[in-house]
Amino acid sequence: MYDMVKTVKLWPSRNGVLHGVWKIERKGSMVEVITHCGEKFIVWDSKNSRSARWLRNRWFRKTCPACKIPDWKLEKYAATVFIGDARWLRKGR
């Protein structure tokens, strides 16, 4: 999950709000995600987690108004295809 979040720079919170990632840091088996709006999430680094599944399937309910994610980034995220290892992402046009 760490590689995927580091690549797309987006984070889906538990209530479905998509945040822009300002900083991500690996701390052992945990990952600390700090968003542009100042939210701080400390989560397990797992490819089977809820957040990893939401990122792979590109699910979210709404975007965070404070993070101000640009439309081009959402379009690029919607066109990204995740293939196995997150380091190998196919970018849409």
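List of remarks:
- In a fully extended conformation the segment linking ALA79 and LYS47 would gain 9.5 nm over its present Cα-Cα distance, using 0.36 nm per residue.
- In a DSSP loop and with at most 15 other Cβ atoms within 10 Å, the trypsin sites (Lys or Arg not before Pro) in segment 1-81 are ARG14, LYS47, ARG61, LYS68.
- Neighbourhood net charge (12 Å Cβ-Cβ; Lys/Arg +1, Asp/Glu -1) for THR63: +3
- Share of carbon and sulfur in the accessible heavy-atom surface of the chain [1.4 Å probe, %]: 51
- On full extension, the segment bounded by ASP71 and MET30 gains 11.7 nm, given 0.36 nm per residue less the C-alpha separation.
- When the alpha carbon gyration tensor of the chain is reduced to an equivalent ellipsoid, the three semi-axes, largest first, read 18, 17, 11 Å.
The values are calculated or read from the model by the stated rules, or taken from the named source; none is laboratory data. All values reported here derive from a predicted model rather than from experimental measurement. Here Cβ is always computed from backbone atoms with ideal geometry, including for glycine, and neighbour counts include all displayed protein chains. These area figures cover heavy atoms from the full protein model, side chains too; ligands, DNA and RNA do not enter into them. Shrake-Rupley method; radii C 1.70, N 1.55, O 1.52, S 1.80 Å.
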